[in-house]
1. Restricting attention to segment 105-117, report how many residues are assigned to a loop (DSSP other than H, G, I, E, B) and surrounded by 15 or more Cβ atoms within 10 Å (Cβ to Cβ).
2. Can you tell me which of VAL85, VAL69 is out of contact with any Asp or Glu (no Cβ under 6 Å at 6 or more places or on another chain) and closer than 28 Å to LEU145 by Cα?
3. Looking only at segment 118-130, count how many residues are in contact (Cβ under 8 Å) with a residue 24 or more places away in the chain and either assigned to a loop (DSSP other than H, G, I, E, B) or of a type in the set (Lys, Arg) (or both).
4. Say we look at segment 46-70 and pick out the residues that are assigned to a loop (DSSP other than H, G, I, E, B) and free of Cβ contacts under 8 Å to residues at least 40 places away in the same chain; which of these is farthest from the chain's Cα centre (by Cα)?
5. Where residues in segment 15-45 are within 12 Å of the chain's Cα centre (by Cα) and in a loop (DSSP other than H, G, I, E, B), which of them is nearest to THR201 (Cα to Cα)?
6. When you go through GLY206, GLY270, GLY221 one by one, which is the residue that is farther than 21 Å from VAL29 by Cβ, small (Gly, Ala, Ser) and in the same structural domain as THR19 (by TED's automatic domain parsing)?
7. Only one of these conditions is not met by ALA231: (1) touching a residue at least 60 places away in the same chain (Cβ under 8 Å); (2) touching a helix residue (DSSP H, G or I) at 6+ places or on another chain (Cβ under 9 Å). Which number is it?
Amino acid sequence: MTRNVSEQPVVRVRGLRMTYGTHEVLTGVDLDVHCGEVVCLLGPNGAGKSTTIEVLEGFRLPSAGEVRVLGADPARADDAWRARVGVVLQSWRDHPRWTPRRLLTHLGGFYRPYSTPERPRPHDVDRLLETVGLTDDADRRIATLSGGRRRRLDVAVGLVGRPELLFLDEPTAGFDPEARRDFHDLVHRLSDLEGTSVLLTTHDLGEAERLADRILILAGGRIVADGSADALNRQVAATSEVRWTRHGERFVHATDEPTPFVRRLFEQYGDEVADLEVHRASLEDTYLAMVTRHQSGVRPELVEVAR
């Protein structure tokens with residue numbers, strides 16, 4: 001999907017490197033996130049997605065590179081900066097004897113000193129509980145909630161301070177299809193109505209395609225593709241498969257130009273061509289092509305396409 005977003009970046013990263021011992025996880029990451037934009041970071045396990053997010057959140061010091069988030073270095077940012085940022089981790093230790101209402105009310109109090117007329121903080125707790133679908137569980141002990149309901153509470157914790165920038169690390173893990181759809185609607189509302197910028201990681205390619213204005217593919221320690229889902233499909237994995245039957249025999253042909261090929265096919269064989277199918281690249285094809293290229297030892301080069 002596409003929205004009008006500001007060209008002013010709320011996240012700007014140049015040359016980010018991260019080394020653990022002799023293992024270099026990030027080898028020079030460059031990325032921008034603009035105001036009001038939803039950006040999804042894709043990559044295989046171990047690619048460094050969570051490490052990148054943790055550096056941007058200020059939870060981890062980079063080995064090298066320049067990182068600016070909301071105009072500040074997150075490693076040295078103060079409490080006023082942190083009040084502008086929301087974080088939903090992959091998992092966290094909650095307060096099992098508390099209730100969602102009590103927990104959100106308690107956490108919301110920390111944001112009140114940083115309220116502004118343009119962005120009043122914190123969120124109204126009852127409205128927030130309704131937004132994440134926890135109204136009926138508001139006064140139940142957290143220990144009694146299912147995993148999916150606890151995950152909704154994680155999201156509410158990330159939102160309680162009405163953040164300008166929201167980090168979501170695998171946010172819908174454990175969600176059922178209905179909860180996942182509701183969450184997608186929530187992200188769109190945050191971006192459209194409140195101008196919240198969102199950077200998320202996910203393994204769900206369908207989720208990335210539905211949510212993101214722009215998709216970044218991380219492989220080989222670098223961003224190797226940057227663009228909308230449609231643009232990446234056209235530019236990164238452009239090869240299509242044309243499949244057809246002739247006299248009972250099945251044929252498959254790979255081509256970057258399926259329309260001219262089909263035209264020539266009918267010019268040559270006419271009505272002998274049957275069961276014609278054109279399989280165009282999907283986001284999954286694009287993603288797998290980039291990951292496979294990296295795993296085969298080909299040095300990935302950035303493919304950047306128009307939003």
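The values are calculated or read from the model by the stated rules, or taken from the named source; none is laboratory data. Only a predicted model underlies this, so the values are computations on that prediction, with no experimental measurement involved. FYI the Cβ positions are ideal-geometry reconstructions off the backbone, even for glycines, and counts take in every protein chain you see.
1. First pass over segment 105-117, keeping only residues assigned to a loop (DSSP other than H, G, I, E, B): 109-111, 115-117.
Still in the list and also surrounded by 15 or more Cβ atoms within 10 Å (Cβ to Cβ): 110-111.
Counting residues in segment 105-117 that are assigned to a loop (DSSP other than H, G, I, E, B) and surrounded by 15 or more Cβ atoms within 10 Å (Cβ to Cβ) gives 2.
2. Working: VAL69 fails: closer than 28 Å to LEU145 by Cα.
Checking each option against the conditions leaves just VAL85.
3. So the answer is 5.
4. Of the residues in segment 46-70, the ones assigned to a loop (DSSP other than H, G, I, E, B) are 46-48, 58-63, 70.
Checking which are free of Cβ contacts under 8 Å to residues at least 40 places away in the same chain leaves us with 46, 58-59, 61.
Working: GLY46: 16, GLY58: 19, PHE59: 19, LEU61: 22 Å.
The qualifying residue farthest from the chain's Cα centre (by Cα) is LEU61.
5. We begin by selecting, within segment 15-45, every residue within 12 Å of the chain's Cα centre (by Cα); these are 33, 37-43.
Going one step further and asking which of them are in a loop (DSSP other than H, G, I, E, B), we end up with 37, 43.
Values: GLU37: 14, GLY43: 8 Å.
Per the stated criteria, the residue is GLY43.
6. Working: GLY270 fails: in the same structural domain as THR19 (by TED's automatic domain parsing); GLY221 fails: farther than 21 Å from VAL29 by Cβ.
On inspection, the qualifying residue turns out to be GLY206.
7. Here ALA231 meets the rest and fails (2).
Quick grid of which residues meet (1) loosely packed, with under 15 Cβ neighbours inside 10 Å; (2) among the aliphatic types (A, V, I, L, M); (3) closer than 21 Å to SER191 by Cα:
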position: GLY86; (1), (2), (3): no, no, yes
position: THR99; (1), (2), (3): no, no, no
position: ILE142; (1), (2), (3): no, yes, no
position: VAL157; (1), (2), (3): no, yes, yes
